[in-house]
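The values are calculated or read from the model by the stated rules, or taken from the named source; none is laboratory data. Computed from a predicted structure; not experimentally measured. Because the Cβ atoms are built from the backbone with ideal geometry, glycine has one as well, and the counts that use them run over all protein chains shown.
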Amino acid sequence: MAQSHVLSALIDKRATLLGQINALEEQIAKIHDQLAHVDGCMRIFGYEGAPETSALPRRPRVGQLFEKGELSRFLLDQIRQHPDGITIEALAAGMRERKGWSPDDPRYGATITKRVRKSLGKLKERGVVVSEWKPGQRVTWRLVG
């Protein structure tokens, strides 16, 4: 086999990846055990609710809310679907819905709206979108052209 060195390298890489998966699965199992112990301690100290609902997960850092380019792709898709224009608030609400975040959750409200506004500003600078304001209405955004 002329490419035995390639196969050998691929076999080694596969073994490395499997080793990483096994190590992570062991780590997850340890965390599950720790969580069960914390739940037990909560019950000992009188907690009567379901431990799963005791606390919301922490809010991700702002930089981790979206994958690279995810927000601008979403905005452009939404703007294409609304050729007459769409507001920042509607875009932010659509993104919260897409991500499965509650519209009543104060952790994301202002942050998402701010990120949408900033991303639209960048798209406007690149000449991709324009903002329009009509008396008695909110500013709407649409594609150029």
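Before moving on, here are some points about what is shown:
- Set side by side, the residues ILE79, ILE88, ILE21 differ, and just one is modelled with pLDDT of 90 or more and outside the structural domain of GLY121 (by TED's automatic domain parsing), which is ILE21.
- Residue in region 91-108 that is modelled with the highest pLDDT, counting only those that are over 25 Å from TRP133 (Cβ atoms) and basic (Lys, Arg): ARG98
- In summary, ARG138 fulfils each of the numbered conditions (1) more than 14 Å from the chain's Cα centre (by Cα); (2) of a type outside the set (A, V, I, L, M); (3) loosely packed, with under 14 Cβ neighbours inside 10 Å; (4) outside any loop (DSSP other than H, G, I, E, B) with the single exception of condition (4).
- Remark: GLN64 matches the filter, which requires a residue to be at pLDDT below 85 and at negative phi.
- Residues that are surrounded by fewer than 16 Cβ atoms within 10 Å (Cβ to Cβ) and part of a helix (DSSP H, G or I) within region 77-89 comprise ASP77, ARG80, GLN81, GLU89, listed in sequence order.
- Pairing residues of region 22-43 that are in a helix (DSSP H, G or I) with residues that are modelled with pLDDT under 90 and among the polar types (S, T, N, Q), at Cβ distances under 9 Å and at least 6 apart in sequence or on separate chains, gives ASP39/SER54; MET42/SER54.
- Matching residues in region 91-114 - criterion: being of a type in the set (A, V, I, L, M, F, W, C) and either surrounded by fewer than 16 Cβ atoms within 10 Å (Cβ to Cβ) or in a loop (DSSP other than H, G, I, E, B) (or both): TRP101, ALA110
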